[in-house]
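Trainee: The structure under discussion is supplied below as structure tokens; questions concerning it will follow.
What follows draws every value from the coordinates through simple rules; no lab data is involved. Here the structure is a predicted model, which means the values were calculated and not measured. Reconstructed Cβ throughout: ideal geometry from the backbone, glycine too, with neighbour counts over all protein chains shown.
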Amino acid sequence: MHATVEKMIKDSDAPTFFEIMTAMAFLYFMDRQVDLAIVETGLGGRLDSTNVVNPAVVGITSISLDHQNLLGNDLASIAKEKSGVMKAGVPVVTVQQEAPVMRVLRRHASQVNAPFSVTGRDIDFSYRFESSREEGPHTRICVTTPQSRFEHLRVPLPGEHQAINCGLALAMLDKLKALGYAIDDHKAISGLHKVKLLGRMEVLSRDPHIIVDTAHNAASIRALMQAIGQHIPYDSMIVIFGCNNDKDVRGMLQQLQYGADKVIFTRSNSPKAVFPHDLAEMYTEICGKMCQTAMTLREAIRVARQALSREDLICITGSFYLVGQAKQEVQQT
């Protein structure tokens, strides 16, 4: 593989980092002789480097505005790119989507003759939020498919969006069962209970209470604010926020106001990072609220800690870059 990459570089056709990592992953899967590989697209779908596989089943999660500079400025355009992962005759499962998205997905599935189903409509799916003294706040889901029935499963990840994702995963397992794959429901349930997702409402510290989340578009920021309100008890929340300039910046800032009691804008080390003062100016314009700025994440964390009372929460979000730095910063202090 190294020789191939070197040749491509000499021919002025250098592969991207993601393309190299994708090829390495496929080689690893082959060497390990895996029965099934779960492959997530990196960007869009139609032109993504992962889209060389012939999948057994395709799952499409909730589609929202993201990477508009590459995928298009509206939901229908983005959905068209995402639908490019569909293959002739391969079953597709998705979740409830915005109307423009669903129209595009249905049309493309029909064009390539891919069986198309939606959780909560074609596949019985429901979820509920509850809280108990023993388990604290959590979500439970019920999924009924032609092959299986899963009742009142506790979702290990907080947030309505994660309950929906778990329902999609179980629906995809059902499609694999129908294709003849030996799927054990009890092992699926056991595996679900063990799921951990680093960087998604991940707790870095209990005293002070600091969490990080890699939410980086308006829909995920909205889901984060909602999930924190449902699952984490606190008096006041200080959000440390930084994002890149190729994102829906205004959309994210709009959603912050629905959960943040105080906002400190900062920036990551990414060359695409938006300057804190620009974020603050936009936030005040959109929300009419006061905020603070810090030129470095370290300074932002210091300022947040100084303003913190015992039952308050610090949430650091806005980009993968910022969360990566936050994990290092908090570990060092």
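Trainee: Explain nothing, just compute: Karplus ³J(HN,Hα) = 6.51 cos²θ - 1.76 cosθ + 1.60, θ = phi - 60°, for every residue of region 318-328 in order, whole Hz, x for Gly and Pro.
Mentor: Karplus-based 3J(HN,Hα) across region 318-328 equals x, 6, 4, 4, 5, 5, x, 5, 4, 4, 5 Hz.
Trainee: Under 17 Å from a label point 7 Å along Cα→Cβ of Asn269: give me every residue in region 214-253 with its amide N that close.
Mentor: 242-244
Trainee: Okay, moving on. Net charge near Thr4: determine it from the other residues with C-beta under 12 Å of the C-beta of Thr4, scoring Lys and Arg +1 and Asp and Glu -1.
Mentor: Numbers: positive: Lys7, Lys10; negative: Glu6, Asp11, Asp13, Glu19.
Spelling it out: positives minus negatives among the neighbours equals -2.
Trainee: I want to check the label-to-label distance for Asp207 and His186. Put each point 7 Å from Cα in the C-beta direction and report it in nm to one decimal.
Mentor: Those two pseudo-labels are separated by 4.2 nm.
Trainee: Stretch Glu281-Glu130 to full length: gain in nm at 0.36 nm per residue minus the Cα-Cα span? Display every interim value, and only then the final one.
Mentor: On the way: separation 151, 0.36 × 151 = 54.36 nm, distance 3.87 nm.
Value of the extension gain: 50.5 nm.
Trainee: Multiply the residue gap between Ala76 and Gln33 by 0.36 nm, knock off their C-alpha separation, and tell me the result in nm, one decimal place. Don't jump to the answer; show the numbers that get you there.
Mentor: Numbers: separation 43, 0.36 × 43 = 15.48 nm, distance 3.78 nm.
Result: 11.7 nm gained on full extension.
Trainee: If the viscosity is 1.306 mPa s and the temperature 10 °C, what translational diffusion coefficient in µm²/s does Stokes-Einstein give for region 202-332 when Rh comes from Kirkwood over Cα pairs?
Mentor: 112 µm²/s
Trainee: Do the sum for the chain: with -39,500 (n - 2.57) for every DSSP H run of n ≥ 4, divided by all residues, what is the mean residue ellipticity at 222 nm, to the nearest 500 deg cm²/dmol?
Mentor: -12500 deg cm²/dmol
Trainee: Could you list the residues of region 17-54 with an amide nitrogen less than 12 Å from a label point located 7 Å from the Cα of Phe320 in the Cα-to-C-beta direction?
Mentor: Answer for this model: 17-19, 21-22, 40-44.
Trainee: Separate question: Grab the other residues whose beta carbon is less than 13 angstrom from that of Lys194, score K and R as +1, D and E as -1, and report the net.
Mentor: Computed value for this residue: +3.
Trainee: Okay, next question. Report for region 178-287 the percent antiparallel among DSSP-assigned beta bridges with both residues inside it, nearest 5.
Mentor: Values: 5 of 9 bridges.
Given both bridge residues lie in region 178-287, the antiparallel proportion sits at roughly 55 percent.
Trainee: Same structure, new question: In this model, which of Lys194/Lys262; Lys196/Lys272; Lys10/Lys272; Lys80/Lys175 are farther than 32 Å apart at the alpha-carbon?
Mentor: Numbers: Lys194/Lys262 34 Å; Lys196/Lys272 29 Å; Lys10/Lys272 28 Å; Lys80/Lys175 23 Å.
Checking Cα-Cα distances, Lys194/Lys262 exceed 32 Å.
Trainee: Regarding the chain, what are the three Cα extents along the principal axes, ordered largest first, in Å?
Mentor: In descending order, the Cα extents are 60, 58, 39 Å.
Trainee: To continue, here is another question. Multiplying the sequence separation of Ala88 and His193 by 0.36 nm and subtracting their Cα-Cα distance, what value in nm do you get? Intermediate results must be reported in sequence, preceding the final value.
Mentor: Working: separation 105, 0.36 × 105 = 37.80 nm, distance 3.37 nm.
Difference between extended and current length: 34.4 nm.
Trainee: To test your reading of the geometry: what angle, between 0 and 90 degrees and rounded to tens, separates the Cα axis of helix 218-231 from the longest principal axis of the chain?
Mentor: Value to nearest ten degrees: 70.
Trainee: Taking amide H positions as placed in the peptide plane 1.01 Å from N, state which residues far from Ile240 in sequence (5 or more) or on other chains have amide H under 5 Å from it.
Mentor: The list, which skips near neighbours in sequence, is Ile264, Cys315, Ile316, Thr317.
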